[in-house]
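Engineer: Take this structure first; my questions come after.
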Amino acid sequence: MKKIVLLVLINLFSFFYAQYTVAWDFDSSVNDMKYLGVWNNKAYFTQTTSYSSPRNLVSYDGVTAQIVGTVPNEIKKIKRAGNGLYLQTSFDLYFFDGTNINALNTKSSSFKIGSNNTVYSLNNESHIGNDFYFFRNDPNTSNYKLWKSSGTLASTVQVDNTITLTGNDTSGIDDILAFNGEIYFHGDNASGVHGLYKYSNNTVTLIKQMDIRRLGTVFKDKLYFQANPYFIYQTDGTTAGTISYGISGGQESVNFQKNSNSMLLSSVSGPYIYITDGPQNTLRKLMDKTVVYGSSSVSAFIDDEYAYITESNGQSTPGFLSRIKFSDGSVSTMNVPGTMTVWNFTAENDDIFNYNGNYHSKLHNGVFYATYGTGGVNHSNPMRADGVSMSVIHDYIADNLTYSVLFGNFFSVNNQIYYLINKPRFSFANGGYYIYRFDQDFTFNNSVGNNNWNTPSNWNAGSLPLSSDNTIIPASQNPQITGNAFANNLTVSSPINLTSGNLNVAGNLNLGSSLTLNNNNLNLIASNSQITNGNSTNYIVTNGTGTVNVQNLNAARGAVSLPIGTANQYNPIKISNSGTPDTFSARVSEGIANAPGGAVNATWDISEGTPGGSNATISLGWNASQQNGTFNPNNATVGHYVNGVWTAENSGAVSGNNPYTITGSGISSFSPFAVMNLGALGTADSLKKNISVYPNPFRDVLTVTAEERSTVHFYDMSGKMVGSHALVKGTNVLSPAALKPGVYLYQVKNTSGTVIASGKVIKK
């Protein structure tokens, strides 16, 4: 094998005014390159110096590109089968064993895989052991018959002469599937019977007479296919076991894609997606026009965790990207600026090598890579997205580059993402190609010098981090967030200022410095997102209207620590919720209103996304310097400000020391909270010792003891009075039927109308 001449390996190359790494430079003599696929951890390409020249087969292992062989014509398809790669040109078939290319077409001058430059795919699981099965034309009849090869000329032989592919059926020449050690295909027998056939032990058997549109894939011990009138079928290899799902794909072909647990069916051009977990379940419509917009091209890419659905509406309208999360079935949809350019309808990781003559998208480690149009047909930009956020890898329009620059062909070698781009060129003039490595190093470097998180070139990767990217803010960088910002695990070693945008963290926020919100929010967006290492120096400063928001707080998640504080004080909280899962928001400010007695001079604003159903426990922290002169920690409670009145929550004892901590439980409504003595609750607390309300919580009967005639009033959490009961001196047994299960405030007033006791009671 010979190394490609005049190629220069470039390390850490600065490309078009941004920080990128060109992993390999194919010089300007290379006129045309096409990506084929990855085999044995090497990417393969075709290459030529002119459109009429023979094609070189080129491998790239992440370090070196090499020419490994040459074929006389353009490689149309490539298929991994058995112990090598089968290469299809317009008329010929070749085999590459990793070292040499063997021609398999010399047995007859009319040996053809396709006809008239029609490209017939050599795809799907079409081999058994080292035997690769395909259809080739019969030189005497121009019909197509079943052949096999194990990679040598001698082993390339016809195995059946009974089935013929003619007419419209030649569009399905690629429809060969290996299933249960047998080969399945469709065609006509000598009697003209069209249907599903299998080849086994030198015998062809008709499974079922039917008009088959295309074979799909093998999934969970069944073979799936599409048959006219475009219904989806499965078969176990028997006539009785060949059944329809009763779902029609309309007048469209359907793509079949699978992972270990699910199979996705997407229309080639219509906007619908079906999913199945296997033969035991029926197909479920997962997406339609209510989710996938418009009626143009739809493509699906799938791995074990996610499916990404792309939809493009043409050059003048935006594309859309939807992500399906298999673990919970959730679907998120996001806009993609410009036009999504997704031409390959088959994800590379489904064991199929397939080149459609255009650009290739890639699903890699849960992140979707694709190109999108931004300035007309001669420009395309690479992008990456994770269903929550999108980042442009490089914006050529922003660089005011007016010549043709096309990206695509994303591939992965050694778990590193690469893609092929042409060098800037005018029209079809020679320009050469680059293999570009996306380094995925999301360390903030402030190379532009504007301290802006949202400037792509301020990151080592040259691209903004997504919610799936581990992100590092080194010491002495001090980034400003001016738009929506995302990270997975985020390590902060210097202060971050949210100037005019929110920060969204999907993983762990490790605080080694402060983070100032101003009027913006810190959002913990994943089910286990958390903040660690917060302390009196490194905490979230809530100096404006901005809040810390915890999404999907539920019982399984436990208590979430929020190290928040003002510009001058550290006032952390912990919050848990055993009730209905919800989003909780928190901020703290200095001072307290309408608290005439002993109190901590701080107010925590805590709210829930959807009122009702919560059962929260909150812990509030403060410093001794925040206690006013009459505050007594030994007689403190969590105060809750509702409708202009401070009321006491069920509270434990004060613990700790700078910060001190107190915990309130059974909280089902939210508004300002504080820490205060009982006398600060706005009641004549000296008389409260004469009022007892029990049991609390109660189910049917509530007992109230009083030392004078009085009246107890009950209020719901909106402040509306929902019941009143007259009290006599002594023990009063009440059955407040007007009170539905829930949380209520009560006030006891004497005959003069003075409030002599207040509090909260819970009815089960």
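Engineer: S476 - would you say it is assigned to a loop (DSSP other than H, G, I, E, B), among the small types (G, A, S) and at positive phi?
Structural biologist: Judged against the criteria, S476 is a match.
Engineer: Continuing with the same structure: Could you check the stretch 70-95 and list, in sequence order, the residues that are in a strand (DSSP E or B) and surrounded by fewer than 18 Cβ atoms within 10 Å (Cβ to Cβ)?
Structural biologist: T70
Engineer: Which number in (1) under 27 Å from F225 (Cβ atoms); (2) more than 36 Å from the chain's Cα centre (by Cα); (3) at pLDDT below 90; (4) acidic (D, E) marks the one condition that E125 misses?
Structural biologist: Status for E125: all satisfied but (2).
Engineer: Turning to a different aspect of this structure: Can you pull out the residues in the stretch 310-342 that are modelled with pLDDT of 80 or more and crowded, with 23+ Cβ neighbours inside 10 Å?
Structural biologist: L321, I324
Engineer: Give S457, S427 a once-over and let me know the one that is of a type outside the set (A, V, I, L, M, F, W, C), assigned to a loop (DSSP other than H, G, I, E, B) and at pLDDT below 95.
Structural biologist: S427
Engineer: On the basis of being of a type outside the set (D, E) and surrounded by 15 or more Cβ atoms within 10 Å (Cβ to Cβ), does G612 make the cut?
Structural biologist: no
Engineer: When the residues of the stretch 200-222 are narrowed to those that are more than 30 Å from the chain's Cα centre (by Cα), under 18 Å from L146 (Cβ atoms) and in contact (Cβ under 8 Å) with a residue 40 or more places away in the chain, which ends up surrounded by the most Cβ atoms within 10 Å (Cβ to Cβ)?
Structural biologist: I212
Engineer: G507 - would you say it is on the phi < 0 side of the Ramachandran plot, touching a strand residue (DSSP E or B) at 6+ places or on another chain (Cβ under 6 Å) and among the small types (G, A, S)?
Structural biologist: no
Engineer: Restricting to strands (runs of 3 or more DSSP E) lying wholly in the stretch 697-764: which have 1 or more residues that are within 25 Å of A616 (Cα to Cα) and either in contact with a Phe, Trp or Tyr (Cβ under 9 Å, 6 or more places away or on another chain) or not β-branched (V, I, T) (or both)?
Structural biologist: So the answer is 702-706, 710-715, 721-727, 742-750, 755-763.
Engineer: With respect to I10, is the statement that it is at pLDDT below 80, in a strand (DSSP E or B) and of a type in the set (A, V, I, L, M) true?
Structural biologist: no
Engineer: Of the residues that make up the stretch 681-694, is at least one under 27 Å from Y539 (Cβ atoms) and at pLDDT below 90?
Structural biologist: Taking every residue of the stretch 681-694 in turn, none turns out to be under 27 Å from Y539 (Cβ atoms) and at pLDDT below 90.
Engineer: Let me ask something else. Exactly one of (1) of a type outside the set (A, V, I, L, M, F, W, C); (2) modelled with pLDDT of 80 or more; (3) surrounded by fewer than 19 Cβ atoms within 10 Å (Cβ to Cβ); (4) not in a loop (DSSP other than H, G, I, E, B) is unmet by D304. Its number?
Structural biologist: (4)
Engineer: Identify the residue in the stretch 591-613 that is touching a helix residue (DSSP H, G or I) at 6+ places or on another chain (Cβ under 8 Å) and part of a loop (DSSP other than H, G, I, E, B) and, among all such residues, is nearest to Q551 (Cα to Cα).
Structural biologist: Of everything passing the filter in the stretch 591-613, N601 is nearest to Q551 (Cα to Cα).
Engineer: Evaluate the following for V588: is it closer than 20 Å to N657 by Cβ and in a strand (DSSP E or B)?
Structural biologist: Here the answer is yes, as V588 does meet what is asked.
Engineer: Can I ask one more? Give me the pairs, please: first residue somewhere in the stretch 66-80 and farther than 24 Å from S126 by Cβ and modelled with pLDDT of 80 or more, second residue anywhere and of a type in the set (V, I, T) and not in a strand (DSSP E or B), beta-carbon distance under 8 Å, and either six or more positions apart or on two chains.
Structural biologist: Q66/I4; I67/I4; P72/T89
Engineer: Sticking with this one: In the stretch 520-535, how many are assigned to a loop (DSSP other than H, G, I, E, B) and either crowded, with 17+ Cβ neighbours inside 10 Å or modelled with pLDDT under 95 (or both)?
Structural biologist: Residues meeting the conditions: 8.
The values are calculated or read from the model by the stated rules, or taken from the named source; none is laboratory data. Just so we're clear, the structure is a prediction, and the values are computed from it rather than from any experiment. Every residue, glycine among them, receives a Cβ derived from its backbone with ideal geometry; neighbour counts consider all protein chains shown.
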